[in-house]
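Participant: I have a structure I would like to understand better, so I am pasting it below and will then ask my questions one at a time.
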Amino acid sequence: MNPIPPVERFTSSSGVDIYRLPMLLFPNDFSGHAFVLDGAGPLTLVDTGSGIGRSNDDLAAGFAQIGERFGKSIALSDIERIIITHGHIDHFGGLPFVKTHTEAPVGIHELDRRVLTNYEERVIVATKALGIFFDRAGIPNPQRDSLFSMYGFAKRHVTSIDVDFSIADEQILDGMEFIHTPGHCPGQVCIRLGDILLSADHVLSRTTPHQSPESITHYMGLDHYADSLRKLLRFDGIRLALGSHEDAIHDLYGRIHAIRASHNRKLDRIRRIMRENGAPMNVSQISAAMYPDVEGYHVLLAIEEAGAHVEYLYQHGHLAIANLREFEAEPNPAILYQLNQ
Ligand SMILES: [Zn+2]
Ligand SMILES: [Zn+2]
């Protein structure tokens, strides 16, 4: 098991001490952070880890380290407010554990609130939408079943949980400025504290955050994501961005441009694949051509990623449906796309 890095402290120009607590979120080496904000009103915890594997233990160890490394005694039971940056398990799955230590109110953006409060309903609705997406993407049957079982796996660990308040775009709360940045998740928020931005999963230092089509969940999809990247560019004076995964980002604006360029390359690649193929293609075929070597859970991620980019190209008039008559006549046939010349 890889050792996780130590807790780090960053101080914003507005005088908030931000403690970054590293955690192993999924047993397969996927790590990330929770943050403790000292100096932005009530002592605030941002995100809780996944609650899976050693995530809760890592979170507790992180609190102990704040005392050991920085001489500031902060316990989980001292937390007075909890903010969830978005409704993904690796960010809110630790809430039941955290709630055994504190009665602090929990807040999340309205668009993700129902994910927490009505989790079972959310999984049913999302699974249904994913099935329609798979049909339209042309996923063949044995693969369809295995993708569904992967999709359902992590979700079995979670049950619904109460939320106490909603966060709104542009809301300022005790010096925390919330910026709604949908795309990666409908209710994704970044939090600005003076010259530091908690960029959650919206901007990461190494990975281009995962995209999934808006046809599965409203307010996701590449169009919203690109809008939200542009939105962040309007906030100048951010010296440091701290993502929920990976490293600190010292050039947020440069990183945003690099992520935009990466998506443009993917869009170009799809057009090239389709041009070279000649015949119309479905999303499953495009995904296999883009990501020929992926395995396991990454197959699902690849199909969603390809689907989000194909959706974007279609929405922006670069693609047309080649089998419109069949699409009209059948319940959910695979959609064949062709390039609009
Ligand atoms: Zn996420
Ligand atoms: Zn995440």
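The values are calculated or read from the model by the stated rules, or taken from the named source; none is laboratory data. In this text the structure is predicted, and so the values were computed from the model without any measurement. Methodologically, a virtual Cβ is constructed for each residue, glycine included, from the backbone with ideal geometry; neighbour enumeration extends over all protein chains shown. Side chains included, ligands, DNA and RNA excluded: accessible areas come from the protein's heavy atoms. Shrake-Rupley method; radii C 1.70, N 1.55, O 1.52, S 1.80 Å.
Participant: Given PHE35, TYR297, ILE18, which one lies farthest toward the positive end of the charge dipole of the chain, if we put +1 on the Cβ of every Lys and Arg and -1 on the Cβ of every Asp and Glu?
Facilitator: TYR297
Participant: Based on DSSP H runs of at least 4 residues, each adding -39500 (n - 2.57), what is the mean residue ellipticity at 222 nm of the chain after dividing by all its residues, to the nearest 500 deg cm²/dmol?
Facilitator: -12500 deg cm²/dmol
Participant: Pairs of Cα atoms under 8 Å, at least six residues apart: use those to get the relative contact order of the chain, whole percent.
Facilitator: Here the relative contact order equals 13 percent.
Participant: Separate question: Can you give the translational diffusion coefficient of segment 181-265 in µm²/s, computed by Stokes-Einstein from the Kirkwood radius over Cα pairs at 4 °C and 1.567 mPa s?
Facilitator: The estimated diffusion coefficient comes to 102 µm²/s.
Participant: Once both labels are modelled 7 Å past Cα along the beta-carbon direction, what's the GLU326-ALA261 spacing in nm?
Facilitator: Each label point lies 7 Å from its Cα, and together they span 3.9 nm.
Participant: May I ask you to list the residues of segment 269-296 whose amide nitrogen lies under 19 Å from a point 7 Å from Cα along the Cα→beta-carbon direction of GLN338?
Facilitator: Output list for this probe position: 270-286.
Participant: Moving on. Can you check how the C-alpha radius of gyration of the chain compares to 2.2 N^0.38 Å, as a plain ratio?
Facilitator: 1.03
Participant: Based on DSSP H assignment, which helices of the chain show an axial Cα extent of at least 24 Å together with a mean Kyte-Doolittle hydropathy greater than or equal to -0.5?
Facilitator: Taking the DSSP H segments of the chain (at least 24 Å long, mean hydropathy at least -0.5), we get 119-137, 297-315.
Participant: Then there's this: Please report the base-10 log of the normalised intensity I(q)/I(0) for segment 261-341, using a Debye sum with one equal scatterer per alpha carbon and no solvent, at each q in 0.19, 0.24, 0.25, 0.27 (1/Å).
Facilitator: Each listed q corresponds, in turn, to -0.82, -1.21, -1.27, -1.39.
Participant: Oh, and also: Looking at segment 21-166, send over the antiparallel percent of its DSSP beta bridges, to the nearest 5.
Facilitator: Percent antiparallel among DSSP bridges in segment 21-166 is about 55.
Participant: Stretched out fully, how many nm does the piece from PHE235 to SER77 gain, at 0.36 nm a residue minus the Cα gap?
Facilitator: Difference between extended and current length: 53.5 nm.
Participant: Sticking with this structure for a sec: Considering only protein heavy atoms and a 1.4 Å probe, what is the carbon-and-sulfur percentage of the accessible area of the chain?
Facilitator: Carbon plus sulfur share of accessible area: 50 percent.
Participant: Now for a different question. Where in the chain is the longest stretch that carries no GluC sites (Glu not before Pro) classed as loop by DSSP and with at most 16 other Cβ atoms within 10 Å?
Facilitator: With GluC sites (Glu not before Pro) excluded where exposed in loops, the chain gives 1-79 as its longest stretch.
Participant: Between ALA129 and HIS218, with labels modelled 7 Å along Cα→Cβ, what's the label distance in nm to one decimal, could you check?
Facilitator: Distance between the two pseudo-spin positions: 0.9 nm.
Participant: So, for the chain, what is the accessible surface per residue at a probe of 1.4 Å, expressed in square angstrom?
Facilitator: On a per-residue basis, 44 Å².
Participant: Report, largest value first, the span of the C-alpha coordinates of segment 61-161 along each principal axis, in whole Å.
Facilitator: 57, 26, 19
Participant: Using DSSP, restrict attention to beta bridges with both residues in the chain and report what percent are antiparallel, rounded to the nearest 5.
Facilitator: 70
Participant: Please give, to one decimal in nm, the separation of the simple spin-label points placed at GLU246 and GLN65, each 7 Å out from Cα toward the Cβ.
Facilitator: Label-label distance for GLU246 and GLN65, simple model: 2.0 nm.
Participant: Find the Rg to Rh ratio for segment 138-225, where Rh is the Kirkwood radius over alpha-carbon pairs and Rg uses the same atoms.
Facilitator: With Rh from the inverse mean 1/r over Cα pairs, Rg/Rh is 1.06.
Participant: Express in nm, to one decimal, how much length is gained between ASP195 and LYS99 on full extension, taking 0.36 nm for each residue of separation and deducting their alpha carbon distance.
Facilitator: Between ASP195 and LYS99, full extension yields 31.5 nm more.
Participant: Return the aspartates and glutamates within reach of LYS99: Cα separation strictly under 15 angstrom, same-chain partners fewer than 8 residues apart disregarded; answer none if there are no such residues.
Facilitator: ASP47, ASP57, ASP78, GLU80, ASP162, ASP164
Participant: Efficiency by 1/(1 + (r/R0)^6): what FRET value for TYR291 and GLN171, r their Cβ-Cβ distance, R0 = 35 Å, to the nearest 0.05?
Facilitator: Calculated value: 0.35.
Participant: Percent of Cα-Cα pairs more than 15 Å apart in segment 40-93, please.
Facilitator: Every Cα pair in segment 40-93 considered, those over 15 Å come to 52 percent.
Participant: Here is a follow-up. Using a/c under 1.5 as the rounded threshold, could you call segment 243-307 rounded, prolate or oblate? The axes a ≥ b ≥ c are square roots of the C-alpha gyration tensor eigenvalues, and prolate needs a/b larger than b/c, oblate otherwise.
Facilitator: Taking the square roots of the gyration eigenvalues as a ≥ b ≥ c, segment 243-307 is oblate.
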